[in-house]
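Each remark here refers to the structure printed beneath this line.
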Amino acid sequence: MVETCFNLAPKGELIIGERGGNVYDEHTNSDKENVTTLFGTNALGKWAPPLTIFKYERIPATLVKSALSGWGIGKSETGWMTSETFFEYMANIFLPFINESNIVRPVIVFLDGHKSHLSLHLSKFCRENGLILVALYPNSTHILKPLDVAVFGPLKSRWKKIVKQWRVDNEKEVSKFDVPTALSQIIYDKEMASNIKSGFRATSIYPYNADNMDYSKIIIRTVPEHDTLINDDNMKYHLQYVESKIKKINVNLLDEFKRTRRGQYEWDGNENATLLFTLWSQIMDDVNNPENEITTDIITLTPTSNLNLNPEMWLNTLSCSHVEDNLTGENPIIPTENTTPESIVIVPTKRSLTTVFNNIIKWPVQPLSKTTRKKEYTPSVITSDKWVEFHEIKIERKRGKREKKGRKEISSI
């Protein structure tokens with residue numbers, strides 16, 4: 001399972017024109033406009049429902065009606081894959097597909113280790129539903145991902161031809177609304193199934209054969225050695241800076257460090273401060289033995305450096321099990337990126353849902369509305385069929401309001 005981008009105005013095609021004149025291939029689409037699509041397949045060459053992500057706040061009805069039945073349609077602020085969209089794809093599309101296809105679980109899902117694929121909510125969801133996520137080794141996906149090895153090459157080549165032919169057949173360029181339909185003409189071709197099987201063999205995933213992998217693609221990079229010699233004054237400055245930060249964490253912590261070092265004891269204080277004591281003790285050794293040369297790269301700290309040494313991180317750190325317990329509690333506290341004690345949001349467990357989305361699992365952390373106006377929440381990722389149903393309900397609701405308003409006007413007259 002892996003996503004890739006498709007350019008709406010691909011370059012590299014041959015242009016036929018008169019000799020001696022300038023010929024240009026013009027596009028109404030921007031050559032920088034890309035649409036992200038997630039693909040999932042197995043060693044038999046069978047595709048899971050793909051997911052195409054668009055940069056929208058609200059998915060327009062025109063888009064979902066142009067997509068194939070069962071094709072995943074998603075939205076995000078950037079048009080790229082996020083933790084929320086990938087979670088909702090697994091919950092709203094992939095798991096129902098597994099159930100409807102009567103596929104025996106557990107099911108192993110291979111993917112790369114991008115942060116959008118790895119989240120606490122997704123890990124818990126997959127563990128509860130018999131899905132095993134396997135993140136492939138970093139910097140090795142070019143030899144371990146079947147889609148990268150044997151599928152995306154011919155897929156992108158066919159995509160360029162489809163875009164060109166689309167222009168001829170429809171007398172207009174392919175738009176982002178047409179991406180699912182255009183891609184379906186490629187991936188469901190019989191040749192693609194053969195490419196998929198070849199990709200699984202070449203990556204040694206199925207059938208498993210470690211000797212079948214192309215190890216010549218592995219590039220060994222050597223890291224040059226940097227000999228950085230730190231003088232005595234600079235090292236003493238580092239020591240003073242670290243000690244000042246330790247005092248901010250805990251006034252008595254530095255005194256405990258010094259007593260432990262004088263007595264030549266092992267640190268038996270707060271476990272969260274063990275690594276900090278080891279760091280401080282090693283700097284002390286370097287200061288006391290200036291003839292020792294330091295050959296590792298050391299980042300020069302300045303008084304304005306933003307060093308994240310929050311006392312709570314050392315003295316009041318929750319274990320992973322506690323965090324997981326909080327997620328299932330009555331009022332879970334969900335930390336986000338750059339979370340501060342003032343910005344922690346308490347998410348209520350009871351949430352109102354529209355009728356069409358009652359059985360749709362959503363990203364567990366719902367954004368709180370900044371306005372008092374009631375906002376109708378919709379999932380980020382569902383199938384095109386569900387989106388169509390949602391838009392039909394909205395149209396019926398608007399029609400009903402207009403009819404009700406008309407009856408009131410007639411009765412008042």
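If you go through the range 72-86 one residue at a time, do you hit one that is of a type in the set (D, E, K, R), within 27 Å of C126 (Cα to Cα) and under 12 Å from the mean Cα position of the chain (by Cα)?
So far as the range 72-86 goes, yes, one or more of its residues are of a type in the set (D, E, K, R), within 27 Å of C126 (Cα to Cα) and under 12 Å from the mean Cα position of the chain (by Cα).
Quick one: which of K115, K11 is open to solvent by 60 Å² or more (accessible area, probe 1.4 Å), closer than 29 Å to Q165 by Cβ and of a type in the set (K, R)?
K11
When the residues of the range 78-106 are filtered to those that are open to solvent by 20 Å² or more (accessible area, probe 1.4 Å) and not in a loop (DSSP other than H, G, I, E, B), which remaining residue is farthest from V365 (Cα to Cα)?
For the range 78-106, the residue satisfying everything is E100.
Quick one: count up the residues across the range 152-201 that are outside any helix (DSSP H, G or I) and touching a helix residue (DSSP H, G or I) at 6+ places or on another chain (Cβ under 6 Å).
Counting residues in the range 152-201 that are outside any helix (DSSP H, G or I) and touching a helix residue (DSSP H, G or I) at 6+ places or on another chain (Cβ under 6 Å) gives 2.
Conditions (1) open to solvent by 10 Å² or more (accessible area, probe 1.4 Å); (2) at pLDDT 95 or above, marked per residue:
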{"position": "G40", "(1), (2)": "no, yes"}
{"position": "W47", "(1), (2)": "yes, yes"}
{"position": "E57", "(1), (2)": "yes, no"}
{"position": "A67", "(1), (2)": "yes, no"}
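Just a yes or no: is a residue in the range 41-51 under 24 Å from K115 (Cα atoms) and basic (K, R)?
no
Just a yes or no: is a residue in the range 120-130 in a strand (DSSP E or B) and loosely packed, with under 15 Cβ neighbours inside 10 Å?
No, every residue in the range 120-130 fails to be in a strand (DSSP E or B) and loosely packed, with under 15 Cβ neighbours inside 10 Å.
The values are calculated or read from the model by the stated rules, or taken from the named source; none is laboratory data. What you see is a predicted model, and the numbers here were worked out from it, not measured in a lab. Every residue, glycine as well, gets a Cβ built from its backbone with ideal geometry; the counts of neighbours run over all protein chains shown. What goes into the accessible areas is simple: the full protein's heavy atoms, side chains included, and nothing from ligands, DNA or RNA. Shrake-Rupley method; radii C 1.70, N 1.55, O 1.52, S 1.80 Å.
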